[in-house]
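Just so you know, all these numbers are worked out from the coordinates, no wet-lab data involved. Quick caveat, the model's predicted, so the values are computed rather than measured. Neighbour counts run over all protein chains shown; Cβ positions are idealised from the backbone, glycine included.
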Amino acid sequence: MKASQWGVSLGVFFLLMSFLVYGAKTIVLGSESIPDTVRYLFNALGFLFISVFMTTLFLNQLLTLRDKNERKEKMNIIRSTFFSEIGTPFLRAVSRTDPCQQQIFEIFTSNKPWHEIYAECTALIDAKTVLDISCLDLDALMRYLHGKRDFLLRLLENPVFLEQSHFTELLRALFHLTDELDSRPSLCELPKSDITHLTGDIVRAYDQMRRLWLLHMDYLNQSHPYLFSLALRTNPFNPDADPIVRD
């Protein structure tokens, strides 16, 4: 049963019980000989159900909201760690084969308001991705992803992480890409058909990761400007990214 249905059912139950108590009071207290103490007990019992319902409803909402905010913040911390460990280097390596790399970089350096930058990048990222992996070092990419397998497996152990479907889909794409690269005896002189197949696997992971990266940049811009500043200086779509603050 959903939380909203549970709340409605609970509310109907308590209101019904309160109605029955006040109805019983009307019937029983028809006689004027009933002591005031009994009248008070009926009034207190009738209001008790309403009081419990209101307390339970609002307390549950507050606890749910607090838990949701805490889990969201934990998820954002995990996401920051993910991009520090694997996301940003992966995007930096693969974006060099993306014809849109320069456009994304120029959008971020356009000095436009953030909402315009976010909208333009979203439109560009949502367009069909075309990569030319002929200039991509597949051996280096395989070694890098293989070296991060333990880190990705530890992420899967986090229950907060598993609640994010877009994140789990990204991990599935990364694991599949790693297995594809790792299963080949050699990544040199592959036939064109296999290059096309690997390109599709790389595009799948790259598309999902850059969408998540943009969402993460939006979160940092709104909540943590100092982290956003570093993320801009290490922008994976900037071929000359430099974390050093210069005049």
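Run the numbers for ALA241 and TRP114: contour at 0.36 nm per residue of separation, minus the present Cα-Cα distance, in nm.
43.8 nm
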For a quick check: sort PHE19, PHE82, PHE175 by the number of other beta carbons within 10 angstrom, fewest at the front. PHE19, PHE175, PHE82
Violations at 30 Å Cα threshold for listed pairs LYS148/LYS192; LYS112/LYS148; LYS128/LYS148; LYS68/LYS112; LYS112/LYS192 -> LYS112/LYS148; LYS68/LYS112; LYS112/LYS192
When the distances between all Cα atoms of segment 117-223 are binned every 5 Å from zero, what whole-number percent does each bin get? 2, 10, 18, 21, 19, 15, 10, 4, 1, 0
Most exposed first, judged by fewest Cβ atoms within 10 angstrom, CYS188, CYS100 run CYS188, CYS100
Tell me, VAL245, VAL94, VAL52 in order of fewest to most beta-carbon neighbours within 10 Å? VAL245, VAL52, VAL94
